[in-house]
Amino acid sequence: MAPRKIIIDTDPGQDDAVAILLALASPQEIEVLGITAVAGNVPLALTQKNARMVCELAGKPETLVFAGCDAPLRRKLTTAEHVHGKTGLDGPTLPDPTMPLQQAHAVDFIIDTLRGHDPKTVTLCPVGPLTNIATALRKAPDIADRIQEIVLMGGAYFEVGNITPTAEFNIYVDPEAAGIVFACGAPLTVMPLDVTHKALVTAKRNAAFRALNSPVGDAVALMTEFYERFDREKYGTDGAPLHDPCVAAYLIRPELFSGRFINVEIETSSDLTLGMTVADWWGVSDRAPNATFMGQVDSDGFFALLTERLGRL
């Protein structure tokens with residue numbers, strides 16, 4: 001089977017970086033057409049730089065990286081340096097990138113790529129706020145029918161929120177954009193906190209990264225050690241969740257995940273629950289299903305896959 005063509009839309013972020021590395025390490029299953037950066041965990045100037053640093057860490061400087069939207073559709077940008085550090089990739093010391101940033105805007109690249117490929121052959125993989133994807137859908141509504149699938153990390157149901165009591169960070173940063181994406185009609189698969197909080201980097205799993213004895217293994221171990229300090233204190237767990245690599249892992253081994261096809265709506269007007277993914281898990285409304293909302297992951301299988309693929313870089 002030919003590898004699946006994808007665009008990674010991202011705001012690196014240590015877990016974003018691991019998601020990029022996993023995708024780039026899996027060319028038999030995934031063809032990364034390009035990486036589009038968006039403002040989120042840190043401002044756009046850093047996310048586009050971080051994306052290129054990660055590509056060079058992977059030994060893939062030929063990867064196309066585009067800068068996109070620097071602010072949400074209607075709101076002031078909320079960032080997460082308190083989790084990811086001032087650079088977004090605190091932990092390892094990575095050299096500044098030498099590979100170029102592409103001249104085109106990320107939104108135009110998304111539109112042109114979807115129009116330039118056969119319908120239903122390009123998958124969008126947003127692992128940050130959904131501003132770039134929503135902007136593309138607003139600028140070129142015809143692309144919605146051309147998308148093979150949108151596989152995203154965002155939202156929560158049973159795990160509620162990680163940036164507010166009811167909202168997950170990626171959705172909260174730009175809820176209006178999330179509302180556009182969830183209503184666009186393209187096939188949608190969601191990796192919410194309900195799944196990612198079951199994919200914890202324990203000390204044993206982190207030691208496996210370091211045992212790869214490679215620049216990639218060492219960098220990932222340092223990233224996750226830095227990143228986990230916040231979540232260990234916050235949740236009292238044995239490790240930190242690796243949110244975004246769940247998207248890449250699903251494309252490689254979808255059998256690792258299970259969930260339900262349900263209706264998911266985005267709250268955009270309530271001050272109390274802004275950015276909440278209102279997931280009708282129990283089917284108690286009459287709203288039509290619009291998303292496969294994952295609820296479980298085989299965490300041992302996930303980390304076995306991740307470690308094996310990182311060892312290829």
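What the table below lists for this structure:
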item: Pair list, Cβ under 7 Å, 6 or more apart: the range 185-198 residue free of Cβ contacts under 8 Å to residues at least 60 places away in the same chain, other residue among the polar types (S, T, N, Q); result: L193/N162
item: Test: residue in the range 119-128 that is within 14 Å of I180 (Cα to Cα) and buried (at least 19 other Cβ atoms within 10 Å of the Cβ); result: yes
item: Which listed residue is surrounded by fewer than 22 Cβ atoms within 10 Å (Cβ to Cβ), more than 22 Å from P3 (Cα to Cα) and among the hydrophobic types (A, V, I, L, M, F, W, C), from A106, A140, A134; result: A140
item: Complete set of residues in the range 89-136 that are small (G, A, S) and under 19 Å from the mean Cα position of the chain (by Cα); result: A106, G128, A134, A136
item: Close pairs from the range 277-291: first within 25 Å of T164 (Cα to Cα) and of a type in the set (S, T, Y), partner surrounded by 11 or more Cβ atoms within 10 Å (Cβ to Cβ) and modelled with pLDDT of 95 or more, Cβ under 6 Å, at least 6 apart; result: T277/G155; T277/I171; T277/V264
item: Qualifying residue in the range 146-161 (condition: acidic (D, E) and more than 18 Å from P245 (Cβ to Cβ)); result: no
item: Some residue of the range 177-189 being at pLDDT 95 or above, in a strand (DSSP E or B) and surrounded by 22 or more Cβ atoms within 10 Å (Cβ to Cβ); result: yes
item: Residue check, A51 buried (at least 23 other Cβ atoms within 10 Å of the Cβ) and in a helix (DSSP H, G or I); result: yes
item: Qualifying residue in the range 73-87 (condition: assigned to a strand (DSSP E or B), surrounded by 23 or more Cβ atoms within 10 Å (Cβ to Cβ), of a type outside the set (K, R) and touching a residue at least 40 places away in the same chain (Cβ under 8 Å)); result: no
item: Unmet criterion (only one of (1) modelled with pLDDT of 95 or more; (2) over 22 Å from F257 (Cα atoms); (3) over 14 Å from the mean Cα position of the chain (by Cα)) for Q148; result: (2)
item: Looking only at the range 267-302, and only at residues there that are within 17 Å of the chain's Cα centre (by Cα) and among the hydrophobic types (A, V, I, L, M, F, W, C), the one that is surrounded by the most Cβ atoms within 10 Å (Cβ to Cβ); result: F293
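The values are calculated or read from the model by the stated rules, or taken from the named source; none is laboratory data. Note that the structure is predicted; figures quoted are calculated from it, not measured. Here the Cβ is made from the backbone with ideal geometry for all residues, glycine too, and neighbour counts use every protein chain on show.
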